[in-house]
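To start, the structure itself, in structure tokens.
What follows is calculated from the coordinates using simple rules that are stated; it is not laboratory data. What you see is a predicted model, and the numbers here were worked out from it, not measured in a lab. Cβ: placed from backbone, ideal geometry, glycine included. Neighbour counts: every protein chain shown.
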Amino acid sequence: MPTAQALMEKIRALPPERLSEVEDFVDFLASKTRRLAALDRLLAIAPALEAAGASPITEEEVQAEVDAARAEQRRRGARSD
């Protein structure tokens, strides 16, 4: 497994026009990590929700929540530009 120092050396050796690609990829990995952590948290509480009698949500409800979260992210991104 490469060390942070070895990765930094490789990044420094890249031409400047490639740095934005590296940044995009790092952002992608961070986002993926956050999504997986959120899914793990949801799966951890699913049995408790079921035991409490919460009705399962439909795929349409899940998609509506995803769409709303994405719209909020776009709104925040547009606001910070």
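Over the residues of the chain, the helix contribution to mean residue ellipticity at 222 nm works out to -28000 deg cm²/dmol, using -39500 (n - 2.57) for each DSSP H run of at least 4. The charge dipole of the chain, taken about its Cα centre with unit charges on the Cβ of Lys, Arg, Asp and Glu (plus for the first two, minus for the last two), comes to roughly 360 debye.
Largest GNM mean-square fluctuation among Arg18, Arg35, Arg70, using the chain with Cα springs under 10 Å: Arg70. If you run the Gaussian network model on the chain, springs between alpha carbon atoms under 10 Å, then out of Asp24, Asp67, Asp40 the most flexible one is Asp67.
Just to verify a number: FRET efficiency for Val26 and Gln73, C-beta to C-beta distance, R0 = 30 Å, to 0.05? Calculated transfer efficiency: 0.95. Just one of [x] 19.0, 57; [y] 18.8, 64; [z] 13.0, 54 is Rg and Dmax of the Cα atoms in Å calculated from these coordinates, so which is it? Comparing each candidate, only [x] matches the computed number.
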